[in-house]
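> Sharing a structure with you now.
The values are calculated or read from the model by the stated rules, or taken from the named source; none is laboratory data. Treat the numbers as computed from the prediction; the structure is a model and nothing was measured. Neighbour counts run over all protein chains shown; Cβ positions are idealised from the backbone, glycine included. Ligands, DNA and RNA are excluded from the accessible area calculation, which covers all protein heavy atoms including side chains. Shrake-Rupley method; radii C 1.70, N 1.55, O 1.52, S 1.80 Å.
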Amino acid sequence: MEEETPTMAGPGPGRKHDNGVNDPEEGPGSAGDGISSLEQPLLKKSNTLTANHLAMVGAKVSHIESLDYEIIENDLFKHDWRSRSTVEVLQYVFLKWALAFLVGLLTGVIASLINLAIENISGIKMLHMVQLVRDKRYWAGFFYFSGFNLALTFVAAVLCVVFAPTAAGPGIPEIKAYLNGVDTPNMFGAPQLIVKIIGSICAVSSGLDLGKEGPLVHIGACLANLLSQGGSGRFRLRWKWLRYFNNDRDRRDLITCGASSGVCAAFRSPVGGVLFALEEVATWWRSALLWRTFFSTATVVVVLRGFIEVCRGGRCGLFGAGGLIIFDVGDVTVRYRLGDLLLVTLVGVIGGVLGALYNHVLHMVLRLYNLINDKGRMAKLALALAVCVFTSAGLYVLPFAVPCTPCDPAFGAACPATGRSGNFKQFNCPAGQYNDLATLLHATNVDATRNIFSTGTPGEFRLDSLLIFFAIYCVLGLFTFGIAVPSGLFLPIILMGAAYGRIVALVLQSAVAASIDHGLYAVLGAAALMSGSMRMTVSLCVIFLELTNNLTLLPMTMFVLLIAKTVGDAFNPSIYEIILDLKGLPFLEPKPEPWMKDLTVGELAAAKARTISLQVVEKVSTVLEVLRNTGHNGFPVVDRPRPGLSELHGLVLRSHLVAVLRKRWFLAEKRRTEEWEARERFSSVELADKNCKIDDLELTPEELEMYVDLHPFTNTTPYTVVETMSVAKAVVLFRSVALRHMLIMPKYQGPEISPLVGILTRQDLRAHNILGAFPHLSKKSKAH
């Protein structure tokens, strides 16, 4: 039910949405009389343009707002920049580079410790379980293996369910939304960081079909956010230098550095990490940010390399030389003929189809999980534990279903392997034989990847074992992602793709003479499935190049990635776009819908309620009533220099209005203040505070009758567009410049014409919201 609120200084009423949630950006509306100054609308419209501001952040329903990436060029900001000395400017530049270094350093250290913990916990679990199997105590081995995994999963799930619900999942969709301009609350705090670290160790060590790569990206973003703010809560540092970063723009840049550092830490891929941030998560980019992200990833690589050298030779327990080195084939010469390109094309096409199918099925599973998770904490915990029991049973029992394989004498003492990580796991087999399926299932995801990628082993894995491994990992991957534990998609998809690549290699081996090694087919299969699901090309290509350390594999990897992405795009969006849509995060896509060209921003504004605007010198009671009756975060400010003439002065933020009221900077008479008057009472640090609560604000009747001068706080250079601009063009501008508000100006201006047609926000430019107000456009959207 719509609820009318009284108009303060604007020409029309503000209004709440049908769902009872105020638009947190700006009230839906236009400031003119009637609908629009355009004479004839292109299409019929419904009464309102509505939006829902509730979304899933991690595993928690939250109220969503946008971020202020735009520079607020008011008088106080201009004075602050003009008054900064050369030393302060150098401090700001130095601090940006110092924080980028710290982000890389801490991400590298934490990633190394996570790897070390996972390898040791998983190694101890596997050694004891294998010993029980060797002693033919099969039931004891099963209960030990399942109980160990259940305990680890229980710890990870309880941490996520009780202490930090937003730490569940990979965190990459929320980071992508944040860098797009969506404020994802409680996503990058200290609780999320701690739960993500401990939860990732427990979840990966428990044998669940998930990776630590997505959580590492989230960990890097959390570190960046905490460093930019000097900490969290009452432990927050109040250094004077950190005031420079008390804004959304610089925090966005540092979180971008954190995301790229996380990818680098996961794959030891510095250039791949930078390109991942550029291609997949970042919406806004510039050359200076490129240098800083590369500096962060370079720092990560140095730290990782240091840990590898320290741990080489078994000085880190079961960690050994593994954990950080996935696949190094620098000494392998890759030779291929023209005919091999046809086979590689087949790998790419099938990989694209399988990736799209995986996205489709995962979409349905996540919708089901949302219904289960809505039932409360116990339902989330029970779901995680049920998936763990199913996973443990599959991993333990399935290796018994395949026969043992005799060791090739050429491998010498390496076959069979009875202890630590490596190929040719003996498991339940007699001396001189190994269980190829146990080699893949009874290992960490990193170890399994290293084993299945190994070159020079065309006969190590049987076809039936690879088919079982591919099937169980598909099923486990679909049902594991979405439970209430920190989880990543990278390694599960890589393992599925690698198994698929080896299956293709074995099938082709008997049909045609292929010259490419089976391990390299596994690499191409992993790249194809990753591209088919995640739709990344350039960053994936460089990540695989840095993993393999072999330039000769580059052309075929590029070829496979392009084919798989093209095929996948023909069926459905990428997996992260699907998750963003499921969570309801208002992410603006880079490419507007084709039918948006048939609609103008003036018509879009006419489908909203009239905009609430304020005068340059406004009454205190009016400002207070506007704030109490609306949830808007921006208000147009209109100046009337003389009777009959009005002009747009700019846009003032809600937080600035609250700051003025709290400081009681009021005037006894209606007048414009001098520049020095506002500077005496307000600083840029105070205005950067986003405290918008006014519930506890008490003003006397005398204060309510006073005035406040808004011109020192008004952004006099907001982004404006003419009402005849197409919505498609407005979407591109809004996203490219990372706006929060877009003001619409009339095409014709004059004394009797309102200087403002309306104001658009992120929610107004989302396709499904527009289709709700203009149902006739839905036919065109289906046609396209």
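> Quick one: in the range 289-298, which of the residues that are open to solvent by less than 80 Å² (accessible area, probe 1.4 Å) and not β-branched (Val, Ile, Thr) is farthest from Cys264 (Cα to Cα)? Give the steps one after another, and end with the answer.
Here is the first cut: in the range 289-298, the residues open to solvent by less than 80 Å² (accessible area, probe 1.4 Å) are 289-290, 292-293, 295-298.
From what is left, the residues that are not β-branched (Val, Ile, Thr) are 289-290, 292, 295-296, 298.
Details: Leu289: 16, Leu290: 14, Arg292: 14, Phe295: 11, Ser296: 9, Ala298: 9 Å.
By that ranking, first place goes to Leu289.
> Considering the range 391-414 alone, what residues qualify as being surrounded by 15 or more Cβ atoms within 10 Å (Cβ to Cβ) and at pLDDT 75 or above? It would help to see each step written out before you state the result.
Keep residues of the range 391-414 that are surrounded by 15 or more Cβ atoms within 10 Å (Cβ to Cβ), which gives 391-392, 394-396, 398-399, 402, 404-405, 407, 411.
Once the filter is applied, which keeps residues that are surrounded by 15 or more Cβ atoms within 10 Å (Cβ to Cβ) and at pLDDT 75 or above, the range 391-414 yields Thr391, Ser392, Gly394, Leu395, Tyr396, Leu398, Pro399, Val402, Cys404, Thr405, Cys407.
> Whether any residue in the range 727-746 is in the same structural domain as Val617 (by the TED database), of a type in the set (Phe, Trp, Tyr) and not in a helix (DSSP H, G or I) is what I want to check.
First, pick out the residues of the range 727-746 that are in the same structural domain as Val617 (by the TED database): 727-746.
Now restrict to residues that are of a type in the set (Phe, Trp, Tyr): 734.
Add one more test, that the residue is not in a helix (DSSP H, G or I), and what stays is none.
For the range 727-746, residues in the same structural domain as Val617 (by the TED database), of a type in the set (Phe, Trp, Tyr) and not in a helix (DSSP H, G or I): absent.
> Still on this structure: Which one of these is within 24 Å of Ser574 (Cβ to Cβ), open to solvent by less than 10 Å² (accessible area, probe 1.4 Å) and among the polar types (S, T, N, Q): Thr153, Thr166? Can you show your working first?
Values: Thr153 fails: within 24 Å of Ser574 (Cβ to Cβ).
On inspection, the qualifying residue turns out to be Thr166.
> Ok, one more. Please go through the range 277-317 and give me each residue that is of a type in the set (Val, Ile, Thr) and part of a helix (DSSP H, G or I), ordered by number.
Step one: of the range 277-317, the residues of a type in the set (Val, Ile, Thr) are 281, 283, 293, 297, 299-303, 308, 310.
Of everything in the range 277-317, those that are of a type in the set (Val, Ile, Thr) and part of a helix (DSSP H, G or I) turn out to be Val281, Thr293, Thr297, Thr299, Val300, Val301, Val302, Val303, Ile308, Val310.
> I'd like the full set of residues that are in contact with a Ser or Thr (Cβ under 8 Å, 6 or more places away or on another chain) and either in a strand (DSSP E or B) or over 24 Å from Pro586 (Cα atoms) (or both), limited to the range 758-781.
We begin by selecting, within the range 758-781, every residue in contact with a Ser or Thr (Cβ under 8 Å, 6 or more places away or on another chain); these are 758-759, 761-762, 767, 769, 771-775.
Gly758, Ile759 - these are the residues of the range 758-781 that are in contact with a Ser or Thr (Cβ under 8 Å, 6 or more places away or on another chain) and either in a strand (DSSP E or B) or over 24 Å from Pro586 (Cα atoms) (or both).
> Pairs under 9 Å by beta carbon, first residue under 18 Å from Val344 (Cα atoms) in the range 541-558, partner surrounded by 17 or more Cβ atoms within 10 Å (Cβ to Cβ) and of a type in the set (Asp, Glu), six or more apart or different chains?
Between residues of the range 541-558 that are under 18 Å from Val344 (Cα atoms) and residues that are surrounded by 17 or more Cβ atoms within 10 Å (Cβ to Cβ) and of a type in the set (Asp, Glu), the close pairs are Met556/Asp340.
> Out of the residues in the range 226-248 that are at pLDDT 80 or above and touching a helix residue (DSSP H, G or I) at 6+ places or on another chain (Cβ under 6 Å), state the one that is least open to solvent (accessible area, probe 1.4 Å).
Looking at residues that are at pLDDT 80 or above and touching a helix residue (DSSP H, G or I) at 6+ places or on another chain (Cβ under 6 Å), I get Ser228.
> What is the residue count in the range 640-657 for residues that are in contact with a helix residue (DSSP H, G or I) (Cβ under 7 Å, 6 or more places away or on another chain) and more than 18 Å from Ser66 (Cα to Cα)?
Qualifying residue count, the range 640-657: 0.
> Identify, from the list Ser260, Ser269, the residue that is under 27 Å from Ile118 (Cα atoms) and at pLDDT 95 or above. Talk me through it step by step, then tell me what you get.
Values: Ser269 fails: at pLDDT 95 or above.
Among Ser260, Ser269, only Ser260 is under 27 Å from Ile118 (Cα atoms) and at pLDDT 95 or above.
> Let me ask you something else. Out of all the residues in the range 87-107, is one or more within 30 Å of Met378 (Cα to Cα) and either in contact (Cβ under 8 Å) with a residue 60 or more places away in the chain or not in a helix (DSSP H, G or I) (or both)? Give the derivation first.
To start, the set of residues in the range 87-107 that are within 30 Å of Met378 (Cα to Cα) comprises none.
Within the range 87-107 (the criterion being within 30 Å of Met378 (Cα to Cα) and either in contact (Cβ under 8 Å) with a residue 60 or more places away in the chain or not in a helix (DSSP H, G or I) (or both)), the answer is no, since none of the residues qualifies.
> Of the residues Val757, Val721, only one is crowded, with 18+ Cβ neighbours inside 10 Å, farther than 21 Å from Arg654 by Cα and touching a helix residue (DSSP H, G or I) at 6+ places or on another chain (Cβ under 7 Å); which?
Working: Val757 fails: farther than 21 Å from Arg654 by Cα.
Step by step, each of Val757, Val721 is checked, and only Val721 is crowded, with 18+ Cβ neighbours inside 10 Å, farther than 21 Å from Arg654 by Cα and touching a helix residue (DSSP H, G or I) at 6+ places or on another chain (Cβ under 7 Å).
> Still on this structure, I have one more. For the structure I just gave you, tell me whether Leu90 is open to solvent by 30 Å² or more (accessible area, probe 1.4 Å) and modelled with pLDDT under 90.
Details: open to solvent by 30 Å² or more (accessible area, probe 1.4 Å): yes; modelled with pLDDT under 90: yes.
Yes; evaluated as a whole, the condition is true for this residue.
Residues checked against (1) open to solvent by 10 Å² or more (accessible area, probe 1.4 Å); (2) in the same structural domain as Ile175 (by the TED database); (3) touching a strand residue (DSSP E or B) at 6+ places or on another chain (Cβ under 9 Å):
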position	(1), (2), (3)
Phe544	no, no, no
Leu554	yes, no, no
Met558	yes, no, no
Val567	yes, no, no
Glu577	yes, no, no
Thr600	yes, no, yes
Ala605	no, no, yes
Ser621	yes, no, no
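> Same structure again: Cβ-Cβ below 9 Å, separation at least six or inter-chain, first residue in the range 123-134 and within 15 Å of Ser392 (Cα to Cα), second of a type in the set (Val, Ile, Thr) and surrounded by fewer than 18 Cβ atoms within 10 Å (Cβ to Cβ): which pairs?
Between residues of the range 123-134 that are within 15 Å of Ser392 (Cα to Cα) and residues that are of a type in the set (Val, Ile, Thr) and surrounded by fewer than 18 Cβ atoms within 10 Å (Cβ to Cβ), the close pairs are Val130/Thr418.
> Right, another one. With the structure loaded, tell me whether Val301 is modelled with pLDDT of 90 or more, closer than 30 Å to Gly123 by Cα and surrounded by fewer than 24 Cβ atoms within 10 Å (Cβ to Cβ) or whether it fails that test.
On the way: modelled with pLDDT of 90 or more: yes; closer than 30 Å to Gly123 by Cα: yes; surrounded by fewer than 24 Cβ atoms within 10 Å (Cβ to Cβ): yes.
Yes: the conditions hold for Val301.
> Further question on the same structure: Look through Asp689, Asp696 and report the one residue that is under 30 Å from Ala177 (Cα atoms), among the acidic types (Asp, Glu) and in a loop (DSSP other than H, G, I, E, B).
Exactly one residue qualifies, and that residue is Asp689.
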